[in-house]
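What follows is a set of notes on a single structure, which appears directly below.
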Amino acid sequence: MADRKKEKTLVLIKPDGVQRGLIGEIIKRYERTGLKLVALKMVVPTDEMVEKHYLIDPQWKIKAGQKSIESYKKKGLQPPSNNPEEIGERVLNSLKKYLASGPVIAMVFEGINAVGIVRKITGSTEPLSSDVGTIRGDFTIDSYEVADVDNRAVRNLIHASGSSEEAEKEINIWFQPEEIINYRLINESILYDVNLDGILE
């Protein structure tokens, strides 16, 4: 069984997060949970990178389209189309334009339940429906409806992997193995050592 303390997840701070000067705040939110930052770089993604990133799941377009359609219906709104693949293609094209518009911060965080913790802190995909206290709920005001009127991707600051399997595939797109650093943080002894040995002298 894999070491659960070594679970990794990919986080991208998208161009809107970089432009708004939120890099430090976003990293702080994840770090203060006890997750360890093991890789970090700034990159301007190409369209090809963005497509490769989202299409690691062959069903992504259909899933993204269905999610978008459901979100419209929940709000009592009419989706632009009821064809999930068509909506998914529109979403992908707008994501290419969005992510390739400027620098992105790519990061890998490591720790127990890294994927779930990061997603909880990040908030739901649409900022409007993200809870207060999450990064998206606290730092942006966008919605699917406004993004669609403007014919663009929803500006939600961050991408976070949806599962450990997805994280592994995504990390391989953004990082070479040698760019991920294996090191120990002092606070890992508090988070992971069973008996908290060594606190008292």
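Among the listed pairs LYS63/LYS96; LYS73/LYS97; LYS74/LYS96; LYS61/LYS96, a Cα-Cα separation exceeding 23 Å is found for LYS73/LYS97; LYS74/LYS96. For the stretch 1-67, the spread of Cα coordinates along the three principal axes comes to 41, 35, 22 Å, biggest extent given first. Averaging the Cα positions of each part gives two centres, and for the stretch 118-158 and the stretch 1-68 these lie 14 Å apart.
A simple spin-label model places the labels of SER101 and ASN82 3.2 nm from each other, with each point 7 Å out along Cα-to-Cβ. The Cα atoms of the stretch 91-152 cover 39, 25, 17 Å along the three principal axes, with the biggest extent listed first.
Inverting the pair-averaged 1/r between distinct Cα atoms of the chain gives 17.9 Å as its Kirkwood hydrodynamic radius.
Per residue of the chain, the DSSP helices (runs of n ≥ 4 H) give a summed -39500 (n - 2.57) that works out to -12500 deg cm²/dmol at 222 nm. Database remark: amide H of VAL104 closer than 5 angstrom to the amide H of VAL43, VAL44 (H placed geometrically; neighbours at sequence offset of 5 or more, or on other chains; Pro and chain starts carry no H).
Taking R0 as 30 Å, what's the FRET efficiency between ASN195 and GLU168 from their Cβ-Cβ distance, rounded to 0.05?
On the way: r = 32 Å, r/R0 = 1.06.
Efficiency for this residue pair is about 0.40.
How do 183-191, 121-129 rank on mean C-beta neighbours within 10 Å, highest first?
On the way: 183-191: 11.1, 121-129: 19.6.
Highest-to-lowest ranking by the protection proxy: 121-129, 183-191.
Between VAL146 and ILE112, what FRET efficiency follows from the Cβ-Cβ distance if R0 is 35 Å, with the result rounded to 0.05? Could the numbers behind the result be given before it?
Details: r = 37 Å, r/R0 = 1.05.
Using R0 = 35 Å, I get an efficiency of 0.45.
Report the full-extension gain for the segment LYS73 to ASP57: residue separation times 0.36 nm, less the Cα-Cα distance, to one decimal in nm. Present the calculation step by step, with values, prior to reporting the outcome.
Values: separation 16, 0.36 × 16 = 5.76 nm, distance 2.47 nm.
That pair, LYS73 and ASP57, stretches by 3.3 nm at full extension.
Report the charge-dipole magnitude of the chain in Debye, nearest 20, computed about the Cα centre from +1 at each Lys and Arg Cβ and -1 at each Asp and Glu Cβ. Each step should come with its number before you reach the end.
Values: 28 positive and 31 negative charges, 78 e Å.
Using only the charged Cβ atoms, the result is roughly 380 debye.
Just so you know, all these numbers are worked out from the coordinates, no wet-lab data involved. These figures come from a predicted structure and were not determined experimentally. Neighbour counts are summed over all protein chains in view; Cβ atoms, including those assigned to glycine, are modelled from backbone coordinates with ideal geometry.
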